[in-house]
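What follows is a single structure, written as structure tokens, with notes after it.
The values are calculated or read from the model by the stated rules, or taken from the named source; none is laboratory data. Treat the numbers as computed from the prediction; the structure is a model and nothing was measured. Note that we place each Cβ from the backbone using ideal geometry, even for glycine, and neighbour counts take in every protein chain shown.
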Amino acid sequence: MNITEYQQHMTVEYCFPDNNSCRKEVRTGPGNIILFIFLFCISVCTVFLNFLVILSISHFKQLHTPTNLLILSLAVADLLMGFVMPVNTMQLRDSCWYLGKMACTVFFVINWISASASVCYMVLIAVDRYIAISDPLLYSTKVTVCKMSLFIILGWSFSLLYILIFLYFNDHLLPSQILSRCHGECILIVKSSWVTIDLVISFICPCSVILILYSIIFTLARRQAKAVRSVLNATSNRHRDKVSKSSNSKAAKTLGIVVCVYLALWIPSSLCSLFVENMTSLSLVSTVLTWLISINSSVNPLIYAIFYPWFRASAKYIVTCRLFKLSPSTFH
């Protein structure tokens, strides 16, 4: 062994001081530090924004509506993703896994169930809005708090069951089933058959439902705007144009943000899962795609909650520490 090889051998770091330990790869440097700070800020914003939504809806009884219960469940799913983000950041900085095989399984379950539940409730929100705009007179009888609570429970149950089945057939459900090439590794290797199955269940089906329903909603919204214009023929042209433009603008903006953000963050992951072979959870491509999906959990509360006046009002009470001074039934 020459001097160069000896120096390289001496600088190699391992996750644990044993022969079966994985090699330790630590990303340092100014660029990586800036990246980690940015990802940390995303994690904090995800937890904070979703916590605001959960606390607002939970505290005020006036906000206990079927639609807001869906937003609450979506915020819970996104909050779980916010708690998982620091672990993803830790893996991005240090390739070693120090928490054991049981924690590795729990990490994958929480990570995937939060993403699955988030997509599930996005679909339910689309269905809820479709019923509300297609049959507004009978909406209160068709969609009740009890019925929505049942669908929410079914959504969580389906997400958990699907993730358990997914991990079981990919040999990752039990800690004893997790195969690692060395000590200190936590990776998820997905079989090629399950890549296609997961693509259909987690992306193609929900994406198709969302696109179809929102296209119908947008069409109905335009028809209703025309009906409003016809009713307002007797009013001034200025008032008529103001109502028409505000209705179309609000519908176009909300639906456009929902669809574009969802597609922009999920399409890359779905396409790469088809064309990238042998992609593990530690690969660079997988890391980038995982963070794209995670960012969706930060954007969801902005799309579904911040645009609502009740959220802006309740957020002021929370930030100014005046929330619990009010009665749960008092909300302005």
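The set of residues from the stretch 54-78 being hydroxyl-bearing (Ser, Thr, Tyr), over 13 Å from Tyr304 (Cα atoms) and part of a helix (DSSP H, G or I) comprises Ser56, Ser58. The residues of the stretch 45-94 that are more than 19 Å from Met122 (Cα to Cα), more than 15 Å from the chain's Cα centre (by Cα) and among the polar types (S, T, N, Q), listed by number, are Ser56, Ser58, Gln62, Thr89, Gln91. Within the stretch 206-236, being modelled with pLDDT of 80 or more and of a type in the set (Gly, Ala, Ser) holds for Ser208, Ser215. In the set Ser314, Ser297, only one residue is closer than 18 Å to Gln62 by Cβ, at pLDDT 80 or above and part of a helix (DSSP H, G or I); that residue is Ser314. Any residue that is modelled with pLDDT of 70 or more, closer than 28 Å to Leu124 by Cα and out of contact with any helix residue (DSSP H, G or I) (no Cβ under 9 Å at 6 or more places or on another chain) - is there at least one of those in the stretch 172-183? The answer is no, given that none of the residues of the stretch 172-183 is modelled with pLDDT of 70 or more, closer than 28 Å to Leu124 by Cα and out of contact with any helix residue (DSSP H, G or I) (no Cβ under 9 Å at 6 or more places or on another chain).
In the set (1) more than 20 Å from the chain's Cα centre (by Cα); (2) within 30 Å of Cys15 (Cα to Cα); (3) of a type in the set (Val, Ile, Thr), the condition left unmet by Ile110 is number (1).
When restricted to residues that are exposed (fewer than 12 other Cβ atoms within 10 Å of the Cβ) and within 21 Å of the chain's Cα centre (by Cα), the stretch 15-37 contains 1.
Count, please, the residues in the stretch 137-149 that happen to be exposed (fewer than 11 other Cβ atoms within 10 Å of the Cβ) and either touching a Leu at 6+ places or on another chain (Cβ under 6 Å) or closer than 17 Å to Asn68 by Cβ (or both).
Just the residues of the stretch 137-149 that are exposed (fewer than 11 other Cβ atoms within 10 Å of the Cβ), to begin with: 137-138, 141, 146.
Imposing the further condition that a residue be either touching a Leu at 6+ places or on another chain (Cβ under 6 Å) or closer than 17 Å to Asn68 by Cβ (or both) reduces the set to 146.
Residues flagged as exposed (fewer than 11 other Cβ atoms within 10 Å of the Cβ) and either touching a Leu at 6+ places or on another chain (Cβ under 6 Å) or closer than 17 Å to Asn68 by Cβ (or both) within the stretch 137-149 amount to 1.
Residue pairs whose Cβ atoms lie under 8 Å apart, sitting 6 or more positions apart in sequence or on different chains, and linking a residue in the stretch 306-332 that is under 13 Å from Val53 (Cα atoms) to a partner that is at pLDDT below 65 and surrounded by 15 or more Cβ atoms within 10 Å (Cβ to Cβ), are Phe307/Thr254; Trp310/Phe331; Ala313/Phe331; Ser314/Phe331.
Among the residues of the stretch 16-53, those identified as polar (S, T, N, Q), within 19 Å of Ser95 (Cα to Cα) and either out of contact with any strand residue (DSSP E or B) (no Cβ under 6 Å at 6 or more places or on another chain) or in a loop (DSSP other than H, G, I, E, B) (or both) are Asn19, Asn20, Thr28, Asn32. So which residues in the stretch 121-169 are under 19 Å from Tyr214 (Cβ atoms) and either outside any helix (DSSP H, G or I) or in contact with a Gly (Cβ under 8 Å, 6 or more places away or on another chain) (or both), if there are any at all? Hits for the stretch 121-169 are Tyr121, Leu124, Asp135, Pro136, Val143. Is there a residue being at pLDDT 85 or above, surrounded by 14 or more Cβ atoms within 10 Å (Cβ to Cβ) and under 27 Å from Leu167 (Cα atoms) anywhere in the stretch 124-134? Yes. Among the residues of the stretch 79-115, those identified as assigned to a helix (DSSP H, G or I) and either among the aromatic types (Phe, Trp, Tyr) or on the phi > 0 side of the Ramachandran plot (or both) are Phe83, Gly100, Phe107, Phe108, Trp112.
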